[in-house]
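Q: One structure is given below, represented as structure tokens, and several questions about it will come after.
What follows draws every value from the coordinates through simple rules; no lab data is involved. Computed from a prediction, not measured in an experiment: that's the story for all the values here. With ideal geometry, Cβ positions are generated from the backbone for all residues, glycine too; neighbour counts draw on all protein chains shown.
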Amino acid sequence: MSKSAVRLRSAVRLTRSQWSLRRPTLVYDGERGNYLESDPVSPINRYGEHKAEAERVILDACPTAAVFRLPLLYGEGLYATSPMHQWLKQLEEGKRLFGFSDELRSSVDYPTAAAGIVKLYLAAQGEVIHLGGIETLSRLILMRSIASAFGYNPQKIEAKVQADMTFRAARPRDVSLDSRKARAMGYKTPILSDVMQRFAKSTDFSDIQHSLRP
């Protein structure tokens with residue numbers, strides 16, 4: 001067990017509280033997608049291994065804890081610059097931007113994921129819960145949808161596939177989630193087009209520019 005896992009186990013045993021983990025869909029190898037909570041974890045990089053270990057440690061130390069597996073998240077960051085802000089800033093500045101057409105995720109916006117955790121926090125004791133979106137989206141589709149919602153030409157985002165790039169660590173291709181269990185418990189997941197309409201109405205680009213200032 002890693003030193004971080006030992007510290008995590010101690011913290012869980014002291015607090016005896018429930019936990020949620022951000023973006024631990026990388027506990028899967030991405031070979032088939034649409035993963036159920038009951039599917040065995042099979043991480044292919046160190047990040048995913050750490051997430052899988054954290055899940056094991058938390059549930060071992062506190063069997064009544066809830067583990068929420070979150071997908072690729074998007075939206076406005078409350079305390080830090082979000083990837084969406086960075087994408088829009090790059091588009092505004094005319095910089096080169098690309099998205100992978102073969103990386104598939106059950107992306108969901110921050111408010112929807114947060115509402116799901118609040119909704120299921122007590123009901124999911126001792127459970128592993130997937131909080132994915134209702135659609136399986138490529139990174140390219142997500143990025144182009146955001147660009148369109150804010151009035152940018154989506155074709156300015158170049159399409160790439162994983163084979164076009166060299167990575168320091170392996171990247172799973174399809175870690176989409178089957179979230180029927182959470183939806184049966186009351187988790188609400190809007191479709192991408194509805195979320196984009198809401199973003200376009202509620203978010204002003206001047207706010208994004210302000211958030212990116214040093």
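Q: Kindly provide the trypsin sites (Lys or Arg not before Pro) of the range 90-157 that DSSP labels as loop, not H, G, I, E or B, and whose Cβ sees at most 13 other Cβ atoms within 10 Å.
A: LYS95, ARG96
Q: For PHE98, which sequence-distant residues (separation of 5 or more, or a different chain) have an amide H within less than 5 Å of its own amide H, given hydrogens modelled in the peptide plane?
A: When sequence neighbours closer than 5 places are left aside, the close amide H contacts are GLU158.
Q: Which FRET efficiency value, to the nearest 0.05, do you get for GLN86 and GLN125 by plugging their Cβ-Cβ distance into 1/(1 + (r/R0)^6) with R0 = 30 Å?
A: Result of the calculation: an efficiency of 0.25.
Q: With the cut-off at 25 Å, tell me which of the pairs LYS95/LYS160; LYS160/LYS188; LYS51/LYS119; LYS89/LYS201 have Cα atoms farther apart than that.
A: As for pairs spanning more than 25 Å Cα to Cα, those are LYS160/LYS188.
Q: What are the residues whose amide H is under 5 Å from the amide H of TYR28, where those residues sit 5 or more places off or on another chain and H is modelled from the backbone?
A: Counting only residues 5 or more places away or on other chains, the set is SER42.
Q: Label ARG96 and LEU36 with points 7 Å out from Cα along Cα→Cβ: what is the distance between them in nm?
A: Roughly 4.4 nm, to one decimal.
Q: Additional query: Once a ≥ b ≥ c are taken as the square roots of the eigenvalues of the Cα gyration tensor of the range 52-170, is the result rounded (a/c under 1.5), prolate (a/b larger than b/c) or oblate (a/b not larger than b/c)?
A: In terms of gyration-tensor shape, prolate.
Q: How much FRET efficiency would the formula 1/(1 + (r/R0)^6) give for ASN153 and LYS201, where r is the Cβ-Cβ distance and R0 is 22 Å, rounded to 0.05?
A: After rounding, the FRET efficiency stands at 0.60.
Q: If you don't mind, another one. Where the centre of each part is set by its Cα atoms, how far does the range 135-162 sit from the range 89-109, in angstrom?
A: Using only Cα atoms, the two centres lie 5 Å from each other.
Q: Are there GluC sites (Glu not before Pro) in the range 57-121 that DSSP puts in a loop and that have at most 10 other Cβ atoms within 10 Å, and which ones?
A: Counting only loop positions with at most 10 other Cβ atoms within 10 Å, the GluC sites (Glu not before Pro) in the range 57-121 are GLU93.
Q: Describe numerically, in nm with one decimal, the distance between label points set 7 Å from Cα along Cα→Cβ at ALA169 and at TYR110.
A: 2.2 nm
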